[in-house]
Amino acid sequence: MKKILLLGGSAQQVVAIETAKKLGYYTVLCDFLTDNPGQYSADKFYLESTTDKEAILKVAQEEAVDGVLAYASDPAAPTAAYVAEKLGLPGNPYKSVEILCNKDQFRAYLAENGFCTPVAKGYSSVAEAAADMNNGYFKFPVIVKPVDSSGSKGVCRIDTPEQAEEKLEYAMSYSRGKRIIIEEYVEKFGYQIAGDGLSVDGKLVFRCFANDHFNPKCKNPFVPVSASFPYNMPADVQDKIHNEIQRLLTSLDMKTSTYNFDMRIDKDYNVYLMEVAPRDGGNYIPDVIRYATGIDLVEYSVRAAMGEKIVLPEETEAQGYWSYFAVHSLEDGILDTVEISEEAREKIVENHLIKKPGDSISTFTGANTTLGCFVMKFSGMDEMLDMMDNSEKWIRVRVK
C-alpha cells in the first residue's frame, strides 16, 4: 500500500485524510496540536509542527512515503514542496512555492515580471515601517499584513500615520517569522474575486471563481465571511483573469497542483493577483465547488500529491448558485444561541458549526475565530448576493 504524508489535521483538513484512505492510501499525519481531530482518522500520527521542514523530512524518510500534501494550509505548503523536492516526490518547485506563500516575495516577483501589483514593501521592523509611512513612501490608505499568515489573520487598513504603530504591531504579532508587508490599497471594481483552481503539468485546466463577501461591522472587516459561486462578471473578464494566472504559473514553472485565489480587478479590468496560494481553499470552498461543478478538488489534490494522472470531465462550468458562509460573532463572550431564519435554514445543505451554546467565542478577526461554516444553495444570483452581503437579515449570533 502506498503512503501519503498529510500536513495538518484540523477539522477542515480531515476530508483530505478521509479522501486519501478512500483512494486506498496509507495515511501518515503530522500536526503540532495534541487535540487535532485528524489523528483519529489517519493510520499513523506524529506530533510534529508542519512548518518544521527538517522534522517533517525525517518523518517522510522514516515512513518512506510516496507523496506529501499540505491540504488547505499556507504555512505547510512550503514544507510539502521542500520534502517532495528533497525526496524526488511529485510536487512544485520549492522556490516557487516559497514565493507564492510569502507575501513580500510574491509582491516583488509580480512587480519584477510585469504584473499589475500595488506599491509594496516588506519589513522586519515596526520602526522602519512606520518611518516609511511618515516620509511619504506610500500613498494612504495602505493595507498591512503578516507575510506568512493565513485566513486573513493580522490584516488591517491604515488611513493616517497616527494609526500606524498600533496596527503595525498588531500585524507583526501574527507573523511566525516576525515580518510584515505594507501595500497600497487597491480599489476594486465589483466583488473581490475568490475561488480555487487546478493546473495539470503547468496548464490551468480548471478554475471556479467566486464573489468575496465581507461584513463591514466586523472588528477586522478585511476577513471574508463568504464566497459565492459563480462570479458575477462576464466570460471575457473571467478569461482575462484566467490568462494572468496562467502567465504566473508558467513563469514559476508550476506543475500539477490546486490553488486558492484572491484577486481584484479595477474599473479598467486590470487584474491584480492578490494571492495565488498553491493549495486548496479553506472554509469548505472545495465542497462548494464540488456541488457547483461536480469537480472534487480534494480528490485531485491527493492524486496530484501521489503523482497520479488527472483527467477532468468535459463539462466543468458551475451550475446553480452556491456559497459558504462563515458564522461569526461581532463581540467576545459566551455563545448563547445562533438564530437562523426559517427561509435561510432551507438553503443550508451542510452545517459545519463547531461551537455550541456555552462555548467561549471571540469577535471575528480571522478564519481562526469563526464559529463554523455553512454550505448553502440559492435559487438565483440576486438572492445569493443579497443574503451574503446582508447576513444580519437572516442570522444572529447572541452571546452572554
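Every number here is computed from the coordinates shown, using simple stated rules; none is lab data. The shown structure was predicted, so the numbers you read here are calculated from the model rather than taken from an experiment. As a convention, Cβ positions derive from the backbone with ideal geometry for all residues, glycine included, and neighbour counts pool all protein chains shown.
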Can you tell me the order of 13-22, 309-318, 353-362 when each peptide is scored by its average per-residue count of other Cβ atoms within 10 angstrom, highest first? 13-22, 353-362, 309-318
Just want to confirm a number: the relative contact order over the chain, from Cα pairs under 8 angstrom separated by 6+ residues, in percent. 14 percent
May I ask for the distance between the Cα centers of the range 352-378 and the range 55-99, given as a whole number of Å? 30 Å
Sort 170-177, 209-216, 92-99, 230-237 for me by packing, meaning the mean count of neighbouring Cβ atoms within 10 Å per residue, highest on top. 209-216, 92-99, 170-177, 230-237
Could you please state, rounded to a whole Å, how far the C-alpha centre of the range 10-48 is from the C-alpha centre of the range 308-329? 23 Å
Additional length obtainable on full extension of the chain from Ala11 to Ala131, 0.36 nm per residue less Cα span: 39.1 nm
Electrostatic dipole magnitude of the chain [Cβ: Lys, Arg +1; Asp, Glu -1; Cα centre; debye, to 20]: 540 debye
Computed magnitude of the charge dipole of the range 119-184 (debye, nearest 20; Cβ of K, R +1, Cβ of D, E -1): 300 debye
Ratio of Rg to Rh for the range 41-134, alpha carbon only, Kirkwood? 1.11
Dipole of the chain [Lys/Arg +1, Asp/Glu -1 at C-beta], most positive-end residue of Val28, Asn368, Leu248: Val28
